[in-house]
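The values are calculated or read from the model by the stated rules, or taken from the named source; none is laboratory data. Keep in mind that what you see is a predicted model, and the values were worked out from it rather than measured. All Cβ positions, even for glycine, are placed from backbone atoms using ideal geometry, and neighbour counts span all protein chains on display. All accessible areas refer to the heavy atoms of the entire protein, side chains included, with ligands and DNA or RNA removed. Shrake-Rupley method; radii C 1.70, N 1.55, O 1.52, S 1.80 Å.
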Amino acid sequence: MSDDVANTAQVLSTTIFDSASEAIEAIAAADVLGLGVKVSNRLVPDEESDDTLVEEWVVELFTSVPTADEE
């Protein structure tokens, strides 16, 4: 998503999920509501072990669906 698109739509919420399936459910719900979505994943240290990383999914909901740039 370009910076121009991010500036035109307001962020409604940012939610962090522990699994991809939970993130997919949130994305499907946003689609039904006609909201824009930005999804990313990241590795963070596990709270129970210093030597382990766990994956989490960040889902941002926007007031509108972004459009792709022609360029």
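With respect to Ser21, is the statement that it is part of a strand (DSSP E or B), of a type in the set (S, T, N, Q) and at pLDDT 95 or above true? Don't jump to the end; show me each part of the working.
Details: part of a strand (DSSP E or B): no; of a type in the set (S, T, N, Q): yes; at pLDDT 95 or above: yes.
When the stated conditions are applied, Ser21 does not pass them.
Can you find a residue in segment 32-40 that is touching an Asp or Glu at 6+ places or on another chain (Cβ under 6 Å), surrounded by 10 or more Cβ atoms within 10 Å (Cβ to Cβ) and more than 18 Å from Ser64 (Cα to Cα)? First the steps, then the outcome.
Within segment 32-40, the subset touching an Asp or Glu at 6+ places or on another chain (Cβ under 6 Å) is 38.
With the extra rule that they be surrounded by 10 or more Cβ atoms within 10 Å (Cβ to Cβ), the set shrinks to 38.
Still in the running and more than 18 Å from Ser64 (Cα to Cα): none.
No, every residue in segment 32-40 fails to be touching an Asp or Glu at 6+ places or on another chain (Cβ under 6 Å), surrounded by 10 or more Cβ atoms within 10 Å (Cβ to Cβ) and more than 18 Å from Ser64 (Cα to Cα).
Which one of the conditions (1) part of a helix (DSSP H, G or I); (2) without any contact (Cβ under 8 Å) to a residue 24 or more places away in the chain does Ala30 fail to meet, given that it meets all the rest?
Condition (2) is where Ala30 drops out.
Scan segment 41-71 for residues that are at pLDDT 85 or above and among the β-branched types (Val, Ile, Thr) and jot them down.
Going residue by residue through segment 41-71, those that are at pLDDT 85 or above are 41-49, 51-64.
Across segment 41-71, the qualifying residues are Val44, Thr52, Val54, Val58, Val59, Thr63.
Within segment 41-64, take every residue that is in a loop (DSSP other than H, G, I, E, B) and open to solvent by 90 Å² or more (accessible area, probe 1.4 Å) and give me the one that is nearest to Thr8 (Cα to Cα). Talk me through it step by step, then tell me what you get.
Going through segment 41-64, the residues in a loop (DSSP other than H, G, I, E, B) turn out to be 46-52, 63-64.
Still in the list and also open to solvent by 90 Å² or more (accessible area, probe 1.4 Å): 47-48, 50-51.
Numbers: Glu47: 36, Glu48: 40, Asp50: 40, Asp51: 41 Å.
Only one residue fits best here, namely Glu47.
Out of everything in segment 12-28 that is open to solvent by 50 Å² or more (accessible area, probe 1.4 Å) and small (Gly, Ala, Ser), what residue ends up being nearest to Glu55 (Cα to Cα)? So that I can check it myself, show each step before the final result.
Going through segment 12-28, the residues open to solvent by 50 Å² or more (accessible area, probe 1.4 Å) turn out to be 12, 14-16, 18, 21-22, 24-25, 27-28.
From the residues that got through so far, the ones that are small (Gly, Ala, Ser) too are 21, 28.
Details: Ser21: 12, Ala28: 20 Å.
The selected residue is Ser21.
Cβ-Cβ under 7 Å, sequence separation 6+ or interchain: first residue in segment 43-71 and of a type in the set (Phe, Trp, Tyr), partner modelled with pLDDT under 90 and not in a strand (DSSP E or B). Which pairs?
Phe62/Ala9
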